[in-house]
1. Let me make sure I get this right: for the stretch 13-57, a, b and c are the square roots of the gyration tensor eigenvalues over alpha carbons, sorted descending. Under 1.5 in a/c it's rounded, otherwise prolate if a/b > b/c, else oblate. Which is it?
2. Write out the GluC sites (Glu not before Pro) in the stretch 128-209 meeting two conditions: DSSP loop, and at most 10 other Cβ atoms within 10 Å of their Cβ.
3. To make sure I understand the rule: partners must be lysines, Cα under 23 Å from the Cα of Lys152, and not fewer than 8 residues away in the same chain. Which ones qualify?
4. Using a/c under 1.5 as the rounded threshold, could you call the stretch 72-135 rounded, prolate or oblate? The axes a ≥ b ≥ c are square roots of the C-alpha gyration tensor eigenvalues, and prolate needs a/b larger than b/c, oblate otherwise.
5. Calculate, for Ser33 and Asn92, the FRET efficiency according to 1/(1 + (r/R0)^6) with r their C-beta to C-beta distance and R0 25 Å; round to the nearest 0.05.
6. Quick check: residue separation of Glu43 and Thr109 times 0.36 nm, minus the Cα distance between them. What number comes out in nm?
7. Multiply the residue separation of Asn128 and Val206 by 0.36 nm, subtract the distance between their alpha-carbon atoms, and state the gained length in nm to one decimal.
8. For the chain, what does the helix formula give at 222 nm: sum of -39500 (n - 2.57) over DSSP H segments with n ≥ 4, over the residue count, nearest 500 deg cm²/dmol?
Amino acid sequence: MKINCQTKITGSLVVLVPYREIHVPKYHEWMSSEELQKLTASEPLTLEQEYEMQKTWAADEDSLINNQYFALSFAECTFIILDKAKYEETNNEVESMIGDTNIFMSDDTDATLAEIEIMIAETGYRKNGRGKESTLLMLKYEQLGVKKFQAKIGLDNIASIQMFQKLGFHEISRSEVFDEVTLAATSADDESFVRYMKDHVVQYNVSHH
């Protein structure tokens, strides 16, 4: 998505950078994992298809994906998550990659509603605050103008469900057919969500990348 193609967001533990061509091989390696495919409800792609996806995200005005592999109609904002300490030590984005996070607007009737996703692919970086901070930084990314957020999570992904609930999200629906739960929060009038954001976003800096 062009709106974030040159944006870097820095927190206390992580740095979010745009998804670029240099990140594709490692991302493809992650998504070859059956565990991650299940957790993210994703289908395996070839390396060529991953490169095509990355080009589409970077080039399109609103990341409208409509190519030979995909026919989707939503705007998506994607960041690669870097471990901040490792990135400051190595200055190497690929070596510092630990996951990715996305916000996409799938409802063309409501520009303030978006779905958020978070994936910490490197198992050694799970359950240590990096996934939570990455999510908070994306929720605070005001350039998108999003006020209402939803997260669709597999019913067996208990850790992710609990994390979003701690952030102030609450369950609005549950699907046994798709084996997932939908959680939601509103930045405008959800007191617990607003309070959590205020209390837990210690460092937040948006800069040119």
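1. Numbers: a/c = 1.97, a/b = 1.15, b/c = 1.71.
Taking the square roots of the gyration eigenvalues as a ≥ b ≥ c, the stretch 13-57 is oblate.
2. Details: sites: Glu133, Glu142, Glu171, Glu176, Glu180, Glu191; in loops: Glu176.
Passing both the DSSP loop test and the Cβ count: Glu176.
3. Partners within reach: Lys38, Lys127, Lys132, Lys140, Lys166.
4. Values: a/c = 3.10, a/b = 2.26, b/c = 1.37.
Since a/c reaches 1.5 and a/b is larger than b/c, the shape of the stretch 72-135 is classed as prolate.
5. On the way: r = 22 Å, r/R0 = 0.89.
E between Ser33 and Asn92, to the nearest 0.05, is 0.65.
6. Numbers: separation 66, 0.36 × 66 = 23.76 nm, distance 2.76 nm.
Stretched out fully, the Glu43 to Thr109 stretch lengthens by 21.0 nm.
7. Working: separation 78, 0.36 × 78 = 28.08 nm, distance 2.29 nm.
The span from Asn128 to Val206 would gain 25.8 nm if fully extended.
8. On the way: 8 runs with 67 residues, N = 209.
My calculation for the chain gives -9000 deg cm²/dmol from helical runs alone.
The values are calculated or read from the model by the stated rules, or taken from the named source; none is laboratory data. Computed from a predicted model, the values in this text were never measured in an experiment. All Cβ positions, glycine included, derive from the backbone under ideal geometry; neighbour counts span all protein chains shown. Just so you know, the surface numbers come from the protein's heavy atoms only, side chains and all, with ligands and any DNA or RNA stripped out. Shrake-Rupley method; radii C 1.70, N 1.55, O 1.52, S 1.80 Å.
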